[in-house]
Each structure stands twice: as C-alpha cells, then as structure tokens.
Amino acid sequence: THQWRGIIEEYRDRLPVSDSTPVVTLREGGTPLVPAQVLSERTGCEVHLKVEGANPTGSFKDRGMTMAISKAKEEGAKAVICASTGNTSASAAAYAVRAGMVSAVLVPQGKIALGKMGQALVHGAKILQVDGNFDDCLTLARELSDNYPVALVNSVNPVRIEGQKTAAFEIVDMLGDAPDIHVLPVGNAGNITAYWKGYREYAADGVAGRTPRMWGFQASGSAPIVRGEVVKDPSTIATAIRIGNPASWSHALAARDESGGLIDEVTDREILRAYRLLAAQEGVFVEPASAASVAGLLKAAEQGKVDPGQRIVCTVTGNGLKDPDWAVAGAPQPVTVPVDAATAAERLGLV
Ligand code: F0G
C-alpha cells in the first residue's frame, strides 16, 4: 500500500520547497539501478545502469519538471515554455496538464523523435517547430519568457537542476556510497551539472564518503565542450543531444575538473553499437542519446582508461520507445507465416 511518492516528497528536506509549494507530481524518480552483467565483464568493473527511461514520461526530465512546474504554480504562472530536442517538451506538457497550466514548446524542425512529438501533442502542448536548431529554440524561449507572461522551464531554470540532482541521491542511497565513476551523455549539460551537485551535497553532509569522477560524453558531430568552441550546425543521429552551444557549459567543465573526470566524444557508430548492445545483451532498451554514456565507457575501456575493480554507474537517460526507428532500421523484416504450427516451428528454427 506504500508507493514511491515522487522526488519532492522523498527528498523534501534537500529541495527548495516549503509547505505552501503545491506539489505537481507523476511520482517520478525511484528508478531502477540495474546491474549490467555484460558491461561489467567487458570492463572488469561493477557496472550499473540508472534506468531513467522508467520515469513517467520516459526520461530523466521528469525529476526537474516536477520541481519547475511546482515552483511555477507556486509563483502563480498560468503558462510555461521550453525549448527542446523532445524529452523536455514531453515532460513539460505532461506536468503542465497536472498543474492545469498551458504549455508551449519550441522544437527544431524535423529533428525530434516521433514518440516525443506524439507526447507533446497528446498532452495538448502548443507546439512551434522552429526553422533552426535547439540552440536557436532556446534563444527564442528565453526571449519569450523575458517579455511575455510565460515561465521558462528549461534547465537554465535552477530548480530543474535541483530536481535532477535527486538521481545522485538515489544512487548513493542504493549503493551505500557514491560510485568511483559516474558516466552521462551530455547535451545542454544540465544533467551532469545536477548529478555533480547531488553528489557534492551528500558528501558535504556525510551521507556519502566521497564523490565520483564525472565522465560526460557528447556526440562527435555535436561536441562543443570537447572542441572548446560553439558548433554552429550540430549533427548526430542522437537528436536528444544535438546541441552546439550548451547552456550549462561552464558547469560541465566545473563538474569535470572538480571531480577529476573527463568530457569526451563518441561517434554515431559507437552510439549505435552501444544502443544495440544494451538492448540485445542487457535487456535495456534506451534511446540513442542515452547510449552515449555506455559508448563512452566502452571507448574509455578500450583506451585503457578504466582500471578494473571499480564501481561505475552509467545513466541511461531516455526510453527506447521514444525513438524506435533505430531499432527497426537495418533489422531483418519479420517473416509472415500461415496459422500453422509446423511452418511456424520450422521458421523459428525449432526443428
Ligand atoms: N539524454 C536524453 C535522452 C536527453 O533528452 C537529453 C537532453 C540528454 C541526454 C542530455 O542532457 O541536456 O542535461 O546534458 N535533452 C534536452 C531536451 C535537451 O530538450 O529534451 P543535458
């Protein structure tokens, strides 16, 4: 009879909420930390996956959105706006429904996965496809929230980071301490900022005995932090992280440097290889951007950068169902059979 109450109730004392904050929740958080057998064997380490696709709208964004929408409601906002590569808009749209608010979302035209577009549509968001990339959408969203009565719920809103830091709390609560290394995909760099904040807070208060090294991975065609310069026309099949000018750039560098970590890139080919490995060998179906963390871990292991025996957590940020095109692409078409057991058995290789 007792279920997980959502991150605000579970971590109330560590979040900027008060008794008068209306809690807008879909019971996000409390996601599985799954031991990854094949990745552990490959790296000689103890690897776990933090499966954020198990959140209510299918991505980690719900942790930040419960905070952003609750605070917006507390402040009397009637409408919220975000720029998004898809997941933020899906989450904003759902939480706005819960709050009785209007949501507006700005997405880069033709560059968001169909599942995410479907979520924004079915939750009744007002959607504008912008003739530009995510970075252009964010510029526009900031301008609109500065000049019109609409609250910005992108991760440049600090309460989003507050909500997302709870994933680090959950990991420490589950493992008894922070891992040696935490691996994440990096797009706008809000999430790596949030995890680092969460780990630091737990260590400062003695809940954890240490902090992990933070490892972030960008897609090669969209790797401004790795290159040290803005990427004007970012490209990658991992549309969720197709971002050329991350808003939390400096915070990502701080997370890397303060933790003794690294930020590197992985190619689309490496991302797809990790995507297939996760599904076919670990039983965990994630979207391509999410596989960037695992692709990065495998790349680092091949480069000899991963000492065996360490405890490593990879966050897989979004559910594979959001963008199933890559699961279907290149896979053999299922064969059609008549309603006949002998034929079916033969086609299945059972005889
Ligand atoms: N993985 C997924 C599935 C994402 O949707 C995102 C970001 C990231 C990783 C990267 O996280 O931006 O905090 O570094 N998606 C944003 C969006 C940009 O609009 O949904 P980040």
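Points to keep in mind about this one:
- Any hit, the range 4-27, residues being open to solvent by 10 Å² or more (accessible area, probe 1.4 Å) and within 15 Å of the ligand (Cβ to nearest atom): no
Here is a yes/no grid of residues against (1) small (Gly, Ala, Ser); (2) buried (at least 24 other Cβ atoms within 10 Å of the Cβ):
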{"residue": "GLU74", "(1), (2)": "no, no"}
{"residue": "ALA77", "(1), (2)": "yes, no"}
{"residue": "ALA92", "(1), (2)": "yes, yes"}
{"residue": "ILE112", "(1), (2)": "no, yes"}
{"residue": "PHE134", "(1), (2)": "no, yes"}
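- Of all residues assigned to the range 120-129, none qualifies as being in contact with an Asp or Glu (Cβ under 8 Å, 6 or more places away or on another chain) and either part of a helix (DSSP H, G or I) or within 14 Å of the ligand (Cβ to nearest atom) (or both).
- Here the helices (runs of 4 or more DSSP H) wholly within the range 198-286 that include at least 3 residues being open to solvent by less than 60 Å² (accessible area, probe 1.4 Å) and over 29 Å from ARG142 (Cα atoms) are 268-277.
- Residue within the range 313-323 that is closer than 22 Å to PRO212 by Cβ and either part of a loop (DSSP other than H, G, I, E, B) or free of Cβ contacts under 8 Å to residues at least 12 places away in the same chain (or both) present: yes
- The range 170-184: number of residues that are open to solvent by 10 Å² or more (accessible area, probe 1.4 Å) and either free of Cβ contacts under 8 Å to residues at least 60 places away in the same chain or near the ligand (Cβ under 10 Å from one of its atoms) (or both): 3
- Residues located in the range 197-219, provided they are within 15 Å of the ligand (Cβ to nearest atom) and more than 20 Å from GLU10 (Cβ to Cβ): MET214, TRP215, GLY216, PHE217, GLN218, ALA219
- Qualifying positions in the range 148-169 - over 18 Å from VAL105 (Cβ atoms) and open to solvent by 10 Å² or more (accessible area, probe 1.4 Å): PRO158, VAL159, ILE161, GLU162
- Flag if GLY118 is closer than 30 Å to ALA327 by Cα, open to solvent by 10 Å² or more (accessible area, probe 1.4 Å), of a type outside the set (S, T, N, Q) and under 22 Å from the mean Cα position of the chain (by Cα): yes
The values are calculated or read from the model by the stated rules, or taken from the named source; none is laboratory data. What you are looking at is a predicted structure, and each value in this text was computed from that prediction instead of being measured. Please note: Cβ atoms are built from the backbone with ideal geometry, for glycine as well, and neighbour counts cover all protein chains shown. Calculation scope for accessible area: heavy atoms of the full protein, side chains included, ligands and nucleic acids excluded. Shrake-Rupley method; radii C 1.70, N 1.55, O 1.52, S 1.80 Å.
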